[in-house]
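Single-structure report; data block below.
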Amino acid sequence: MSELPPAIYETEALIGEDIDAYLELHQHKSMLRFITCGSVDDGKSTLIGRLLYDSKMIFEDQLASLEADSKKLGTQGQEIDFALLVDGLAAEREQGITIDVAYRFFATEKRKFIVADTPGHEQYTRNMVTGASTADLAVILIDARQGILTQTRRHSYLAHLLGIQHIVLAVNKMDLVDYDQARFDEIVGQYREFADDLGMKAFTAIPLSGLAGDNVTQNSANMAWYTGAALLPHLEAVELQQEAAQAASFVMPVQWVNRPNLDFRGFSGLIASGRVAPGDDIRVVPSGKNAKVRSIVTMASDGAMQTLDEAVAGQSVTLTLDTQIDCSRGDIIAAADNPPAVADRFEATLIWMDETPLLPGRSYEMKIGTQSVAASVQTPKYQVNVNTMEHLASKTLELNAIGVVEIATTQKISFAPYAENRALGSFVLIDKMSNATVAAGLLHFSLRRADNIHWQATDIDRKAHAQLKNQKPLLLWFTGLSGSGKSTIANELEKILHTMNRHTFLLDGDNVRHGLNKDLGFTDADRVENIRRIGEVSKLMVDAGLIVLSAFISPFRAERDMVREMLPEGEFIEIFVDTPLDVAEQRDVKGLYKKARAGALKNFTGIDSPYEPPLNPDIRVNTTQMSAPEAAQYIVNQLFGL
Amino acid sequence: MSELPPKRLTHLQRLEAESIHILREIAAQAEKPVMLYSVGKDSAAMLHVAKKAFFPSPPPFPLLHVDTTWKFKAMYQLREKAAQDAGMELLVHKNPEAQAQGINPFDHGALHTDMWKTEGLKQALDKYGFDAAFGGARRDEEKSRAKERVFSFRSADHRWDPKNQRPELWNLYNAKKAKGESLRVFPMSNWTELDIWQYIQLENIEIVPLYFAAPRPTVERDGLLLMVDDARFPLRAGETPKMRSIRFRTLGCYPLTGAVESEATNLSEVIQEMLLTTTSERQGRAIDQDASASMEKKKQEGYF
């Protein structure tokens, strides 16, 4: 350990002499979260390792295991390889790259720091976006010998996209270019041009060497020509995003309603922006009801109730109001004079994070603040090439792709453009079946289009249509494998209904695909669009008062649920024609299974394309136990309670 | 209102606000959450944050202690009191198989942790049908924890797949899961050991007295300084308990937890020692010293 440089941040004196004075000092530290972007080659891990080391965050036992590891795995010969401190999971250590987001902690006299350390390669775009989403500042590392590379542009674009206000261009490895000012100036000049193109307002360039420790914690004599702050003093001084957010209007998404008894009703949440004090006028969005804040309640350390005079962005609080108004999780409490807008159609940037690509039209769960709604995404307007910033045409978004899309929610949500308010403009999309977080999104603005297409007000409404036919309109949705008997049973059922004087219409896979949907194939994306169109047509017919029988394989739960959501509660009846694959294949009425098995038919459901059976169908018919007419009669009995 | 200078929140205020937010997200979304309570200082801090998060209601979930029967006596004493003070139900689970087989840390080594803790925890979660469990783990404790999510998704058999973790953006935590699957949730992820100590001091949180130095009977064994907490401690030939002024930086099963010699009898002195010391806190735990990446392996198997 003798070759280690001395730690520069010496706080021990006070710790030893007067611990209470030290603790008093350290209780008032603020907290900065930042992200480091760059690849292993840029010396990123070495720089973080040095920050940890210099701020005394490495203990002797960790150092001993680091020494041993350095000799075994290190790339610095007999020297300490700081990079090994930062690489966590065993698999990563073997591969020599970091493949996730790791969070590190260190502190100086002025601040506590949380560093999100993310890998630099293009295939880890999602990891960098994750780290950037909570960062106040980004350190973009470049190797002074290499200058600005493709990845520098990518990292800068992503940091800027995620709205990070403070960008540090850390020109590393200055020791390897003889601490040459001309080289530094050249790189900064190139970067400035690029930053202007990007719309980045400002950045701070610092020449340094993580390995040698120049300009990391203090200004280096090797670069007397550099008069700006060293990296750490700069990190200690920049303004925090959360403090900037205090200047905006008060907004608090409600997380939880606190009702211990009938006398207390509080609304709990994390203040997203602004300040709040007792007596302030607030509005609950979207209901639009106004009230005044009565108190801001918290618990004192002895367990008694304590009220606050004021609370600001970044604090988790519980508010009580002067009047009893309806307010629950998902609502937003905001300053009465400047509440957030509501809308249901948006333009947004999506960063795709899942192996399964975006399916335009599919219904995803959208989580925005504490609101959760169903949302569907249209075919992207364009995809962004993250290396060149070019706009490319694209039908979908794959893992790590970034694109601009139109997004529609099934109900209106409160929002603000991401650039104005991160908390109200950021969202994630969740796949309804796998429950995976598949995308991160930034809302830009609402689209007025929905407002401009006014529904033609008609005097004869859906209720009138149904009354004239003397029936409750329904959509009977048959789902099941190819050859399971959907169309046959639907046909039998329609005959029975006809004799019962019901007005019906049968929509069938084959007849629709020959007309309305003849432009669609059998890819997953086309299957989604196929069902969306059929859903819309069925809905119009139900509005016309008909009992519609729709018989389609409709293999994905998400799309069946999407159609269910198009109709009023109780009008969508999911009928699962439950025929095991081997039975359907044995029947093979149209000879399709044979073709699919022979490889002549691609994307065939049950063979090389999945079928997701309903989890809770309204009606299930088992065709191995009932004939088609029996099944039809069984459905009639279920429907009309016979 | 924008003319006012910004109110500066301290790092502890921000950490507390973040932890409260996480606790409430789960309370609002999980069907049956539980807080794992180990009686240690991290549990004490987490429990205090939970009391604040839901005040004046008591936290809307029970406490669960996965007991190994080998904890320090002083821990059992504080356990009941802490639950009562918080107005929360305390559930205690002891793995019946481990009990029947008399599994203990002296004779069974790694099997002790595996059966009592790893298996015991899975049993308890299954028994009560909890779908989300809060734990007090911090990212600064160990390298593999640095990459742990706040919401850590577990399969129906409680396994953790480090390659299949959900991305966590902003403060939007995805709590969705299928039946049988569960979440482990770490509200204190971004706290450091020093943060925990400072918070305990500022908020005046009661902790087990073993964290403070006092003369206690000890033996030195395999490089660890062990406390002879009760008569079950089998002394080896030549071992006689010796009174030493000791305290603990971390508390677990007493036969597996190494003490440090210390004169620190109050929080300021404990923090002072911690800051001046040169070994990290997990070094006092026998469990971590098997292999460099041992914690990651244990987590994949379901250890918290």
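The values are calculated or read from the model by the stated rules, or taken from the named source; none is laboratory data. Not measured: the values here are computed from a predicted model. Glycine gets a Cβ as well: all are built from the backbone with ideal geometry, and neighbour counts include every protein chain shown. Side chains included, ligands, DNA and RNA excluded: accessible areas come from the protein's heavy atoms. Shrake-Rupley method; radii C 1.70, N 1.55, O 1.52, S 1.80 Å.
Remarks
- Taking the numbered list (1) surrounded by fewer than 21 Cβ atoms within 10 Å (Cβ to Cβ); (2) modelled with pLDDT under 95; (3) within 16 Å of B:Lys117 (Cβ to Cβ); (4) aliphatic (A, V, I, L, M) in turn, B:Ala74 passes all entries but (3).
- The stretch B:128-168 - residue that is among the hydroxyl-bearing types (Ser, Thr, Tyr) and open to solvent by 20 Å² or more (accessible area, probe 1.4 Å) and, of those, farthest from the other protein chains (Cβ to nearest Cβ): B:Tyr128
- In the stretch B:47-69, of all residues being within 11 Å of another protein chain (Cβ to nearest Cβ) and assigned to a helix (DSSP H, G or I), the one that is nearest to B:Arg79 (Cα to Cα) corresponds to B:His48.
- If you check A:Arg527, A:Arg533, A:Arg502 for being over 26 Å from A:Asn622 (Cα atoms) and either over 32 Å from the mean Cα position of the chain (by Cα) or in a helix (DSSP H, G or I) (or both), only one passes: A:Arg533.
- Scanning the stretch A:309-316 turns up no residue that is modelled with pLDDT of 95 or more, part of a strand (DSSP E or B) and touching an Asp or Glu at 6+ places or on another chain (Cβ under 7 Å).
Okay, residues lined up against (1) within 14 Å of another protein chain (Cβ to nearest Cβ); (2) of a type outside the set (S, T, N, Q); (3) open to solvent by less than 10 Å² (accessible area, probe 1.4 Å):
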{"site": "B:Glu203", "(1), (2), (3)": "yes, yes, no"}
{"site": "B:Tyr211", "(1), (2), (3)": "no, yes, yes"}
{"site": "B:Pro215", "(1), (2), (3)": "no, yes, no"}
{"site": "B:Val219", "(1), (2), (3)": "no, yes, yes"}
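- Every condition in (1) at the interface with chain A (Cβ under 9 Å from one of its Cβ atoms); (2) closer than 25 Å to B:Pro33 by Cβ; (3) touching a residue at least 12 places away in the same chain (Cβ under 8 Å); (4) open to solvent by 10 Å² or more (accessible area, probe 1.4 Å) holds for B:Gly180 except the one numbered (1).
Table: residues versus (1) modelled with pLDDT under 95; (2) under 14 Å from A:Arg33 (Cα atoms).
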{"position": "A:Ala90", "(1), (2)": "yes, no"}
{"position": "A:Glu94", "(1), (2)": "yes, no"}
{"position": "A:Phe106", "(1), (2)": "yes, yes"}
{"position": "A:Arg111", "(1), (2)": "yes, yes"}
{"position": "A:Thr134", "(1), (2)": "yes, yes"}
{"position": "A:Leu137", "(1), (2)": "no, yes"}
{"position": "A:Gln165", "(1), (2)": "yes, yes"}
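- In the stretch B:234-252, of all residues being open to solvent by 10 Å² or more (accessible area, probe 1.4 Å) and of a type in the set (A, V, I, L, M, F, W, C), the one that is nearest to B:Val39 (Cα to Cα) corresponds to B:Leu251.
- Those helices (runs of 4 or more DSSP H) of the stretch A:537-629 in which 2 or more residues are among the charged types (D, E, K, R) and open to solvent by less than 30 Å² (accessible area, probe 1.4 Å) occupy A:557-566.
- Any chance A:Lys432 is of a type in the set (D, E, K, R), within 14 Å of another protein chain (Cβ to nearest Cβ) and assigned to a loop (DSSP other than H, G, I, E, B): yes
- For the stretch A:298-317, filtering for residues that are within 7 Å of chain B (Cβ to nearest Cβ) and touching a strand residue (DSSP E or B) at 6+ places or on another chain (Cβ under 7 Å) leaves 5.
- Residue that is nearest to the other protein chains (Cβ to nearest Cβ) [pool: residues in the stretch A:20-41 that are assigned to a helix (DSSP H, G or I) and touching a residue at least 24 places away in the same chain (Cβ under 8 Å)]: A:His26
- Of the residues B:Arg149, B:Arg166, B:Arg159, the single one that is in a loop (DSSP other than H, G, I, E, B) and touching a helix residue (DSSP H, G or I) at 6+ places or on another chain (Cβ under 7 Å) is B:Arg159.
- Residues of the stretch A:405-419 that turn out to be away from chain B (no Cβ under 14 Å) and either open to solvent by 10 Å² or more (accessible area, probe 1.4 Å) or of a type in the set (Ser, Thr, Tyr) (or both), as a count: 9
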